[in-house]
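Participant: Would you mind keeping the following structure in view while I ask a few things?
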Amino acid sequence: MSLTFALAPTDLSALESDALIIGVYSGEDGATLAPNHLSEDTAEGVSELLEILNVTGSADQLVRLPGVEDSDAGILVLIGLGAPGEDDTERADALRYAAGSAVRQLSDLEEVTFDLPVTTARELEAVAFGATLGSFTEEGLKVKSADSLKPGVQTVLIATELESDSAEEALERGLILGEATNGARTLVNVPPSHLYPETFAEVATELVEDLPDVSARVYDYDQLLEGGFGGIAGVGQGSVRKPALVVLEYRPEGAQHHVALVGKGITFDTGGNSLKPAASMTTMKCDMAGAASVLHSVLAIAELGLPVAVTGYLCLAENMPGGYALRPEDVLTMRDGRTVEVLNTDAEGRLVMADGIALASESQPDVIVDIATLTGAAMAALGLRTAALMGDSEIRTRVLDAGEAAGEDYWPLPLKSYLRSSMNTPVADIANMGERYGSAMVAGLFLREFVGKNDQGERIPWAHLDIAGPAFNEKAPYGYTPKEGTGFGTATLVNFVASYAE
Ligand code: BES
Ligand code: ZN
Ligand code: ZN
């Protein structure tokens with residue numbers, strides 16, 4: 001069920017929700033209340049409590065107090081905003097995080113009111129986006145303990161003086177971005193016993209049914225073989241769950257630009273015959289997170305009605321070992337006719353993505369962005385909360401800006417040409433492995449080989465997002481980020497496409 005948002009008057013007296021939530025800034029001289037609409041007396045009284053209660057205003061700190069006279073809300077909640085932001089981005093980030101953290105931590109309540117320092121549409125969108133992200137609950141497949149699941153916050157009121165037209169639009173955008181991200185999270189969390197290429201394709205087909213401007217075409221295993229998709233067919237051949245490729249087309253009226261989005265959809269990555277050790281294999285249901293982000297970003301783009309044509313490619317396969325599976329030293333012929341020697345069957349992501357990127361190139365889009373949980377090396381380099389970004393500098397800048405507006409962090413890695421020769425092999429055009437050091441960049445260079453040329457004979461502008469680190473959270477939830485699938489990248493892709501609407 002989706003959250004309901006409403007704007008609330010800044011006169012708090014008529015409020016009857018379960019909680020009134022106000023912000024607290026941290027600072028060197030102690031915590032201070034963020035601007036709010038409490039009466040002066042009440043605000044003073046609460047301020048005096050901060051030190052005694054050890055309220056620091058740090059992110060994720062949430063303190064429940066009895067309700068105050070100023071409103072009928074049952075309790076007063078203090079949520080940390082961290083240090084006061086120095087610019088628009090920092091302020092939006094803090095509001096998104098605090099709103100999400102509060103909604104997540106108040107899952108025993110139904111209706112809450114935020115009285116946070118929201119003075120612009122961007123800030124309001126950040127609160128709505130964060131609250132939606134924080135309301136995510138994983139239903140899972142529990143049978144016996146299902147009754148104990150709390151429904152969580154259902155209604156969010158936001159007190160603001162913003163005028164209503166732009167405010168309603170900001171609420172709507174925040175909600176759509178949040179629900180798209182939550183949709184990707186849900187897909188990532190589905191166990192591989194239940195989500196495999198065929199069921200993923202079914203989900204995608206069903207989800208686009210209600211959207212008149214979006215169509216879905218599914219290539220099944222036979223059609224992949226016929227169409228020369230050696231990468232996707234090859235990676236998927238070892239599984240009884242056969243691979244698939246889903247092409248989503250969003251074609252709004254009046255579009256001036258065409259963006260192609262390609263997502264890695266390995267519904268489970270055992271490593272194949274180059275089998276992963278047991279400890280590295282758990283979490284590998286997340287290896288379709290890129291495809292989940294592409295699917296849900298395309299849906300959100302259509303819901304927002306952005307005037308940009310978008311084609312999404314979901315490269316779906318299950319990477320299994322066994323008698324039919326790829327062997328190291330097999331050679332595949334890819335969609336663009338190039339041959340690849342498979343030296344390690346665990347480097348399967350680049351094989352399915354190469355076919356997706358080659359097919360995307362055939363329709364001559366203005367730009368191609370691919371998103372994949374591609375390498376452990378990207379995690380080693382940048383940790384668990386930052387994705388690696390590679391590709392053409394103009395596109396990278398656009399992705400960085402889109403990510404910043406979404407609260408998703410990217411950092412560029414260079415594609416040094418000296419690494420290309422490490423993928424040379426006597427038996428094929430290229431191998432799927434190269435130099436061990438810098439292997440996130442080796443994977444990026446591999447993908448770049450499959451980006452086609454445009455009418456002018458130039459390589460189509462392209463960027464590659466390696467989300468292996470931030471796609472999945474094995475640790476405790478924080479802010480608006482739950483355990484397991486994070487949906488990382490979905491909102492970035494929506495904002496990225498929106499940048500072509502201007
Ligand atoms: N799916 C993995 C990458 C991954 C690792 C994603 C951890 C999320 C968390 C990918 O298919 C893989 O196994 N990559 C190998 C490539 C190597 C064999 C060249 C890797 O990174 O070790
Ligand atoms: Zn792998
Ligand atoms: Zn993989």
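The values are calculated or read from the model by the stated rules, or taken from the named source; none is laboratory data. Keep in mind that what you see is a predicted model, and the values were worked out from it rather than measured. So basically every Cβ, Gly included, is an ideal-geometry build from the backbone, and we count neighbours across all protein chains shown. Calculation scope for accessible area: heavy atoms of the full protein, side chains included, ligands and nucleic acids excluded. Shrake-Rupley method; radii C 1.70, N 1.55, O 1.52, S 1.80 Å.
Participant: Would you check which residues across segment 261-282 are away from ligand 2 (no atom under 12 Å from the Cβ) and at positive phi and list them?
Facilitator: Correct list: empty.
Participant: Test residue 290 against the criterion of being in a helix (DSSP H, G or I), within 15 Å of ligand 2 (Cβ to nearest atom) and surrounded by 19 or more Cβ atoms within 10 Å (Cβ to Cβ), and give yes or no.
Facilitator: yes
Participant: Can you name every residue in segment 473-502 that is under 23 Å from residue 60 (Cβ atoms) and open to solvent by 30 Å² or more (accessible area, probe 1.4 Å)?
Facilitator: Matches in segment 473-502: 474, 475, 476, 477, 478, 480, 483, 484.
Participant: Right, here's the next one. Determine if segment 369-376 includes at least one residue that is away from ligand 1 (no atom under 16 Å from the Cβ) and either within 28 Å of residue 182 (Cβ to Cβ) or aliphatic (A, V, I, L, M) (or both).
Facilitator: yes
Participant: Test each condition in (1) free of Cβ contacts under 8 Å to residues at least 24 places away in the same chain; (2) under 16 Å from residue 159 (Cβ atoms); (3) open to solvent by 40 Å² or more (accessible area, probe 1.4 Å) for residue 54 and report the one that comes out false.
Facilitator: (2)
Participant: Could you please let me know if residue 452 is at pLDDT 95 or above and open to solvent by less than 10 Å² (accessible area, probe 1.4 Å)?
Facilitator: Against the criterion (at pLDDT 95 or above and open to solvent by less than 10 Å² (accessible area, probe 1.4 Å)), residue 452 does not qualify.
Participant: Taking segment 409-443 as the search range and keeping residues that are away from ligand 1 (no atom under 12 Å from the Cβ) and part of a helix (DSSP H, G or I), which one is surrounded by the most Cβ atoms within 10 Å (Cβ to Cβ)?
Facilitator: So the residue we want is 419.
Participant: Does segment 352-372 include one or more residues that are under 17 Å from the mean Cα position of the chain (by Cα) and in a helix (DSSP H, G or I)?
Facilitator: The answer is no; no qualifying residue exists.
Participant: Here's a follow-up. Of the numbered conditions (1) over 32 Å from the mean Cα position of the chain (by Cα); (2) open to solvent by 20 Å² or more (accessible area, probe 1.4 Å), residue 2 satisfies every one except a single condition; which is it?
Facilitator: Every listed condition holds for residue 2 apart from (1).
Participant: Here is a further query. From the list 133, 141, which one is without any contact (Cβ under 8 Å) to a residue 60 or more places away in the chain and either of a type outside the set (Asp, Glu) or open to solvent by 10 Å² or more (accessible area, probe 1.4 Å) (or both)?
Facilitator: From the options 133, 141, the qualifying one is 141.
Participant: Oh, and also: May I ask you to list the residues in segment 389-408 that are open to solvent by less than 70 Å² (accessible area, probe 1.4 Å) and either within 16 Å of ligand 2 (Cβ to nearest atom) or in a helix (DSSP H, G or I) (or both)?
Facilitator: Result: 395, 396, 398, 399, 400, 402, 403, 405, 406.
Participant: Continuing with the same structure: Restricting to segment 230-256, and then to whatever is among the charged types (D, E, K, R) and within 14 Å of residue 197 (Cβ to Cβ), can you tell me which residue is surrounded by the fewest Cβ atoms within 10 Å (Cβ to Cβ)?
Facilitator: 242
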